[in-house]
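Novice: Provided herewith is a single structure, encoded as C-alpha cells, for subsequent inquiry.
Values in this text are rule-based calculations from the coordinates and carry no lab data. Since we're looking at a predicted model, the values are computed, not measured. FYI the Cβ positions are ideal-geometry reconstructions off the backbone, even for glycines, and counts take in every protein chain you see.
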Amino acid sequence: MVLLQRPHILLLLIDTHQFLQCWIAFGSANEEGQQQEEFSEELLVKPLPDHKLLAHFHFQSSAPPSTSNGCHHHLFPKAISQLVQKFRVKEMELSFTQGRWNYESWGGFDPISSSNAKPPGVELWAVFDVPQHHIDASWKNLTHTLSGLFCASINFLESTATYSTPEWSFPPASGNVRYGTFPCEAVCTENLTPWLRLLPCRDKAGIALLLDRPSLYRGFYHSQRLHLTSTESSSEGIDSGIILEQTLTVVLQPNSERAIEVHASEKHVQPSWSLSSIFGKQVSGRCVLAKSSSVYLLLDRGLVAELKFPNKENGKSAANGLTSENFWSNPSFELSVNPDRIFLEESSSHSKSLSILYMFQVEKYSESEPFDIGLMWKVPVAWLCQQTPLHASRFLMGSGNERGAIAISLKSTQFTEGFMSANSKDGSCELRVDVFQVVPWYVKVYFHSLRVFVDQQPRAVSDFIEKIHVSPSKDKMSPGVMEVVLKLPCRVNTAALTIEFDKGFLRIDEYPPDANQGFDIPSAIISFPNFHASMVFLEDDSLNRSPLLSKFQDKCPVMSYTEVLLVPLTTPDFSMPYNVSTIKCTVFALYFGSLLNVLQRRVAEEERFLKAKAAKKTGRLPLLLSKLSAKLRGSGINQD
Amino acid sequence: MQDLCTMVHLCYCLFLVLSPLIELKDSQIIFCTDVVSAMLIRATGQNLRLAYLRSLESLDLVKQIEVSEFLFSGDIAALIYLCNPFTIVACVGLSTSPIENMAVILCLYGACSRLIPLAAFGWVIATHLSLYPAILIIPVIFLLGCGPDSPPRKLFLQRHQQKEVLNQSKLPPRFSWGPVIHFAFWAFLWSVYVLVLCGISLKQFGGLWEMFKSTYGFILTVEDLSPNIGVLWYFFAEVFEFFRNFFLIVFHVNILFMILPLAIRLRHRPCYLAFVYVAICSMLKSYPSVGDSALYLGLLGWFVNELADMQFSLFLFCGYVGVSLLSPVMHNLWIWRGTGNANFYFATAMVYACLQIVLVVEGVSAMLNHDRKLRNLITGKPQDAKS
C-alpha cells in the first residue's frame, strides 16, 4: 500500500488540479473498505439580533490511526500529526481571539457560543497521555512547537507561573490537563496564515476563499480555534485516529447600502446581506479535496418564534417535505438562493420554538456560476438570543496600588426564570455553577477573604459553596487557582463572589515594555454543568452526517468567559537602575568606611604621630634648603 | 511603670477606636509582649547600672565622675521603648516584630542576670524567628564569660599598678569558659527542641528543609520587593538580574564583616556590642520594619550615662522625626494617589539608612571616647596612655 502511494505523494507536491482529482478517484476506488483521511468544509451563517451577522467556518480533517496508514498523509497536515505523536497529545485546543463575545446580545446557550466564544488573546489547554512527571516537560515542548507553528508568543506559556493544572472544574476533567491563557496576545493575519496552511486547499479554493483578511479583521469579534482529538495513543482500544477541527468564528456588520437607508428610516429592520457583500468575495465551487462542502444558514429559536411561519404548528411534516416553499420564501425575508435542504430542530426541553437550518451544497457551483447566498429582510423583526442561565461579569474593586478585590457577579437572565419555573417541580431546585479562576502570582489573592453575596446580602460561604479547590500562588513559580462549585437557589436574582488581593511588586525586567498599561488577569470560566447546549436536527441519512451538525449534537455544558481584567501595578522608575545602584553602594561605603575609621582610630597615638610628622617636616625641610643654598653658593663661588 | 502602661494602653485604645477592625485578642498579646519587654529592659538596665557603678568604684573614679548625677538607665530605656512611636505603631499594626524583639531582650536579660537556660532560649527563639539575631551569640558569650559592661580590663591593671597593690577581688573576672559551655549546651538543647517541634508540625508540609527554604531562604534571597523602610527592596527591584546574586552576597557579608572589628574593640562592653549588632542588623536586614528600630532605640537607653557626650544627637532626633513623618506621606503619594514616584519614597528610605549609619558610627565613637576619658582620668596624662 505504501509503495503504491509514493508516486501519489509526489503528484501531490506537483499540486495540479486534474491530477489530484484523478488520484482521489483512484484512491477512493482502491481503499473502499479502509478508513481514509477525510476533509470537510462548512460555513454557518446566522443573523444576530443586533444587526450583525455571525459566520462560523468549520473545517474538519481526520486521519486514520497511524498503525494502518504509516506516517504518510494525503490531506491531514503533517505538522499536526507529528506534534500529536511526539508529545502524545490526547486532546488539545488552541484559540486566538480578538474582541469579546457579547453574551447578552449574541446569546450564550447555543453550541457555537458555548464552545467557540473564547477569551481574548490566546487560550491553550491540552490533555497528555504521558506519566504525571513528564507532563510539564511535554507542555513546554508543545508550547514552543505551537508558537513556531502559529507565529504567536505561545511560548510565554511555558513558564510554570503562567499555566495551571485544573483539578476538576475544567470540562475535560482529568489530572493530565494543563491550561494556560495569554490575554495580551494581539491576534492578526500572521496567525491566520499558518492556520490556513493546515487546510488542504488553503484559502485558494472552496469555502476558505471567503476569508478575506480586511473584512475579517474589520469585525467585532474574531476567534480562530484549533481543536485536536487523538485516540492514537490511548490505551482504550478504540482507535479512530486524529480529528483536527479548525473553526473560525467572526461577527461582522453587514453594511449594504440598502441596509443603511432602511436603517435610517426604520430602526428594527435588519440589514440585508449577501456573502459577497460581507466578505467581498464569492465561493466559486468547492475545494476538490473536501468530502463535503456546504453552507448553512441558521435561524435561531427566538427568530423563528418571531417570524411566525405559516405552518409552524405542523413543522415536522414540513421538514419532511424538504422543498416546502413556506420555509424559504417567507413574508418577512427572502433568500437569494434556494436551499438544497431544510432541517428543523428536534424539540428541545429548553425552548418552545425550534430553530431552522437551511443547507446549501457548494458542489453545484463553479467559477462561471459562483455561489452567493443573500438574505433580504422585508419587514422589521426583533428577537432575543437564548442566554446563559446566569449572566457573568467580573470587575475590580478598590483604589490605589496596594490592594484591591476581584468580584465575579452573576445576574439571572430572563431565560432562567422561565426554565426554572418549568423545571422546579419539587420546590427545592438548585442551580449549579462552576467557577474556574486563575490569577497570576503578582496578584496575591487571599483565599480566606472569599465572600459570597446572594441577592445583595452577605451570606455564609459554606451555605452556597459546595466544593472548593484552591492552590495558592507561589512567587514566580505558579499562579493561584481557584475552583468553586456554587449551589444557588433557582430563584436567585444576583449572586456575587468577592476575593481580596494585594498587588505584588516586580523586578524591573519582569515588567512588559508598556508597564503602565497594567497587567491582565485571565478570564474566569463560568460553566453550568446541568445545562447542555446542543441542537439536534432531524436528518434522514445519518450516514452522510456533516461534522458541524454532529458537533452541534454533542452535549457540552453551557460555558461562558468573563471579561479580562486589567490590574495596574506600581512601577518603579525605569530610568533609575544605575542611580539606585550607585547611591546604594555609596551609602554602604559610607557605613563601612566610617565605622571602620572610628574603630581603628586611636586619638592619642594619632596626635603623637601627627606631632612627630610635623617635627620631622620642620626639621628636614630647612635642612635641605640650607644644604641646597649652600651648594648653590659654593658652586657660585667656584665659578666666580 | 504602671503609669506607663496605662498611657500606652490609652494610645492603643485610641487607635482601637479609630480602627475597629483590629482584633482585640491578637493585639492584646502583642501589647503584653511589649510590656514584658519593657520590664526586662528595665531589669537589665538596672543590672548594667549596678555593674557600672561597681567597676567605677573599683577604679576609684566615683568622685571624679559624680555618680550622684547618674541617671537610672533602666527606667529610661524602658520608657523610651514603651513611649517610642515606632513601638506603638508596631503594636497597633499588629506586627510580629514585638515578639521578635522580646526574644532578643530575653536573651540579653538572661545573659546579664546569668540565667543561662533563659539566655539560650531567647537566642534560639530570636534566631528561629528572624535569623539575624544569630550574631548576638558573640556578645552573649562575652557577657557570660566576663560579666556585664565595664571599662577595659587594662585600666584596672594600670590602676592597681599605680597603687602597686594587686587586689584580685577588685579586678573584673577573667574570661571563664564554664558558663559559655553551659550556654552552648543549653542552646543546643533548645534548638534541637525547637527543630523537633517544627519537624513534627511541618511533617505534612514538606518538613524542615521546606521551612528553611521558605523562611531563611526568603530572608536571604530578598524575593519580596514590597516597599519597606529599608533600601534593599528598591535596589533589588532595579538591579540587573545578572548582578543579583553578587549583590545579595555583598550586602549580607557586609553585616558579617563588621562583626569581628566591633567584637575586638568593644569586647569589654558586651551589652553595647549587642546594641550595635542589633542596630546594624535592623539597618541592613532584608525586610526591616519600624519595630526593629524600636528595639535598638530602646536598648540605646541603657547607655545614656556613657553616651552623654555623643555628637549630632539633636540632628539625629530631628532626622528621625522628619523621616517618620515624611515616609508615610511619600508612600501615600506613590502607592495610593499615584502622584508621586518610587524615588520619593526611596529617598526617605535612603535618608533613614543614613541616619541609622550616623547613629551607629557616632554611638561607637562616643563609647570609645568614653573609655578614653576614663583612661585619662586614671592616668592623668593623656599623652602616655595606651589602650
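Novice: Go through the range A:463-571 and name the trypsin sites (Lys or Arg not before Pro) that are in a DSSP coil and have 15 or fewer other Cβ atoms within 10 Å of their Cβ. Walk me through the numbers on the way to the answer.
Specialist: Working: sites: A:Lys467, A:Lys474, A:Lys476, A:Lys487, A:Arg491, A:Lys503, A:Arg507, A:Arg545, A:Lys551, A:Lys555; in loops: A:Lys476, A:Arg491, A:Arg507, A:Arg545, A:Lys555.
Listed in order of number, the matching sites are A:Lys476, A:Arg491, A:Arg545, A:Lys555.
Novice: Convert each backbone phi in the range B:51-60 into a coupling constant with the Karplus relation 6.51 cos²θ - 1.76 cosθ + 1.60 (shift: θ = phi - 60°), then list the ³J(HN,Hα) values in order as whole Hz, x for Gly and Pro.
Specialist: For the range B:51-60, the Karplus curve yields 4, 5, 4, 4, 5, 5, 4, 5, 8, 6 Hz.
Novice: Using the beta-carbon distance between B:Val351 and B:Phe175 and R0 = 41 Å, what value does 1/(1 + (r/R0)^6) give for FRET efficiency, to the nearest 0.05? Don't skip to the end; give the middle numbers.
Specialist: Working: r = 41 Å, r/R0 = 1.00.
So the FRET efficiency works out to roughly 0.50.
Novice: Alpha carbons only, please: Rg and Dmax for the range A:423-494, in angstrom.
Specialist: Answer for the range A:423-494, Rg first and Dmax second: 14.8, 51 Å.
Novice: With a Förster radius of 25 Å, plug the Cβ-Cβ distance of B:Leu71 and B:Gln311 into 1/(1 + (r/R0)^6) and report the FRET value to the nearest 0.05.
Specialist: Details: r = 19 Å, r/R0 = 0.77.
After rounding, the FRET efficiency stands at 0.85.
Novice: Taking K and R as +1 and D and E as -1, what net charge do the other residues with C-beta under 14 Å from the C-beta of B:Ser282 add up to? Walk me through the intermediate numbers first.
Specialist: Values: positive: B:Lys285; negative: B:Glu100, B:Asp292.
Computed value for this residue: -1.
Novice: Principal axis lengths of chain B from Cα atoms, whole Å, largest first?
Specialist: Here the spans come out as 71, 50, 48 Å, largest first.
Novice: Hey, another quick one. Note the angle between two axes, namely the Cα long axis of helix B:73-83 and the longest principal axis of the Cα atoms of chain B, as a number of degrees from 0 to 90, rounded to the nearest 10.
Specialist: 10
Novice: Is there a quick way to get the dipole size of chain B? I mean about its Cα centre, with the Cβ of Lys and Arg at +1 and of Asp and Glu at -1; what is the value in debye to the nearest 20? Walk me through the numbers on the way to the answer.
Specialist: Numbers: 25 positive and 23 negative charges, 259 e Å.
Here the size comes out at about 1240 debye.
Novice: Under a 5 Å amide H to amide H cut-off, with H placed in plane at 1.01 Å, what residues pair with A:Ser274 once short-range neighbours are removed?
Specialist: Excluding prolines and chain starts, which carry no amide H, the hits are A:Leu375.
Novice: Here's a follow-up. Averaging over every viewing direction, what projected area does the convex hull of the Cα atoms of the range A:119-193 cover, in nm²?
Specialist: On the way: hull surface 20.5 nm².
Over all viewing directions, the range A:119-193 projects a mean Cα-hull area of 5.1 nm².
Novice: So what's the angle, to the nearest 10 degrees on a 0 to 90 scale, between helix B:137-146 and the longest Cα principal axis of chain B?
Specialist: 20
Novice: Take the eigenvalues of the Cα gyration tensor for the range B:144-276, scale each by 5, and report the square roots as semi-axes in whole Å, largest first. List each step's numbers first, then the result.
Specialist: On the way: eigenvalues 360, 121, 20 Å².
Here the semi-axes work out to 42, 25, 10 Å.
Novice: Can you tell me the FRET efficiency between B:Cys198 and B:Thr339 if r is taken as the Cβ-Cβ distance and R0 is 51 Å, rounded to the nearest 0.05?
Specialist: Details: r = 45 Å, r/R0 = 0.89.
Calculated value: 0.65.
Novice: In the range B:291-387, what trypsin sites (Lys or Arg not before Pro) fall in a loop by DSSP, with at most 16 other Cβ atoms inside 10 Å?
Specialist: Details: sites: B:Arg337, B:Arg372, B:Lys373, B:Arg375, B:Lys386; in loops: B:Lys386.
Filter output for the range B:291-387: B:Lys386.
Novice: Averaged over peptide B:219-228, how many Cβ atoms belonging to another chain are found within 10 Å of each residue's Cβ? Present the calculation step by step, with values, prior to reporting the outcome.
Specialist: Numbers: counts 0, 0, 0, 0, 3, 4, 8, 7, 4, 0.
Counting Cβ atoms of other protein chains within 10 Å of each residue's Cβ and averaging gives 3.
Novice: Net charge near B:Pro148: determine it from the other residues with C-beta under 12 Å of the C-beta of B:Pro148, scoring Lys and Arg +1 and Asp and Glu -1. Could the numbers behind the result be given before it?
Specialist: On the way: positive: B:Arg49, B:Arg54, B:Arg114, B:Arg269; negative: B:Asp149.
For residues surrounding B:Pro148, the net value is +3.
Novice: Would you tell me the mean number of C-beta atoms belonging to other protein chains that fall within 10 Å of each C-beta in A:569-576, as a whole number? Could the numbers behind the result be given before it?
Specialist: Working: counts 0, 7, 3, 11, 8, 2, 2, 7.
The mean count of partner-chain Cβ atoms within 10 Å per residue comes to 5.
Novice: Quick one: grab the alpha carbon gyration tensor of the range A:50-163, order the square roots of its eigenvalues as a ≥ b ≥ c, and give me rounded if a/c is under 1.5, else prolate or oblate depending on whether a/b is larger than b/c. Write down the numbers at each step before the final one.
Specialist: Details: a/c = 2.28, a/b = 1.43, b/c = 1.59.
Oblate.
Novice: Quick check: pseudo-label points 7 Å beyond the Cα along Cα→Cβ at A:Val379 and A:Ser449, how many nm apart are they?
Specialist: Label-label distance for A:Val379 and A:Ser449, simple model: 5.6 nm.
Novice: Using Cα centres only, tell me the gap between the range A:352-406 and the range B:233-281 in whole Å.
Specialist: Measuring centre to centre over Cα atoms gives 65 Å.
Novice: Which shape class, rounded, prolate or oblate, goes with the range A:106-157 when its Cα gyration tensor gives a ≥ b ≥ c as root eigenvalues, a/c under 1.5 marks rounded, and past that a/b bigger than b/c marks prolate? Before the final figure, lay out each step's value.
Specialist: Numbers: a/c = 3.55, a/b = 1.68, b/c = 2.11.
Oblate, since a/c reaches 1.5 and b/c is not below a/b.
Novice: Per residue, how big is the convex hull of the range B:295-387 when only Cα atoms are used? Give it in Å³.
Specialist: Given the Cα convex hull of the range B:295-387, per-residue volume reads 105 Å³.
Novice: Using the basic label-point model (7 angstrom from Cα toward the beta carbon), what is the A:Thr586 to A:Arg608 distance in nanometres?
Specialist: So the two model labels end up 3.9 nm from each other.
Novice: Okay, moving on. For B:253-262, what's the mean count of beta carbons from other chains sitting within 10 Å of each residue's beta carbon?
Specialist: On the way: counts 0, 3, 0, 0, 3, 5, 0, 0, 5, 3.
Per-residue shielding by partner chains comes out at 2.
Novice: Now, a different point. Packing-wise, with mean Cβ within 10 Å as the measure, how do B:221-234, B:197-210, A:442-455 rank, highest first?
Specialist: Numbers: B:221-234: 20.2, B:197-210: 10.9, A:442-455: 16.9.
The densest-packed peptide leads the list: B:221-234, A:442-455, B:197-210.
Novice: Over 28 Å between Cα atoms: which of A:Lys411/A:Lys474; A:Lys204/A:Lys551; A:Lys476/B:Lys203; A:Lys204/A:Lys364; A:Lys78/A:Lys204 fall into that group? Please list the in-between numbers first.
Specialist: Values: A:Lys411/A:Lys474 33 Å; A:Lys204/A:Lys551 26 Å; A:Lys476/B:Lys203 25 Å; A:Lys204/A:Lys364 18 Å; A:Lys78/A:Lys204 19 Å.
Violating the 28 Å limit, Cα to Cα: A:Lys411/A:Lys474.
Novice: Please give me the summed charge of the neighbours of B:Ser130: other residues whose Cβ is under 9 Å from its Cβ, Lys and Arg +1, Asp and Glu -1. It would help to have the intermediate numbers written out before the result.
Specialist: On the way: positive: B:Lys285; negative: B:Glu100, B:Asp292.
Cβ neighbours under 9 Å give a net charge of -1.
Novice: Okay, next question. With θ set to phi - 60°, apply the Karplus curve 6.51 cos²θ - 1.76 cosθ + 1.60 along the range A:150-163 and write out the HN-Hα couplings as whole Hz, x wherever there is a Gly or Pro.
Specialist: Per-residue couplings from phi come out as 10, 6, 10, 8, 5, 5, 5, 7, 6, 6, 4, 6, 10, 10 Hz.
Novice: In terms of the Cα gyration tensor, with a ≥ b ≥ c the square roots of its eigenvalues, is the range B:242-336 rounded because a/c is under 1.5, prolate because a/b exceeds b/c, or oblate?
Specialist: On the way: a/c = 2.52, a/b = 1.14, b/c = 2.22.
Here the range B:242-336 falls in the oblate category.
Novice: Using only Cα atoms, find the angle between the long axis of helix B:153-163 and the longest principal axis of chain B, and express it within 0 to 90 degrees, rounded to the nearest 10.
Specialist: Computed tilt is about 20 degrees.
Novice: Taking amide hydrogens as modeled 1.01 Å from N in the peptide plane, which residues meet the under 5 Å criterion relative to A:Tyr221, leaving out close sequence neighbours?
Specialist: Amide H neighbours of A:Tyr221, under 5 Å, 5+ apart: A:Val251.
Novice: How far apart, in nm, are two points set 7 Å out from the Cα along the Cα-to-Cβ line at B:Glu241 and at A:Ser399?
Specialist: Here the modelled spin labels are 3.6 nm apart.
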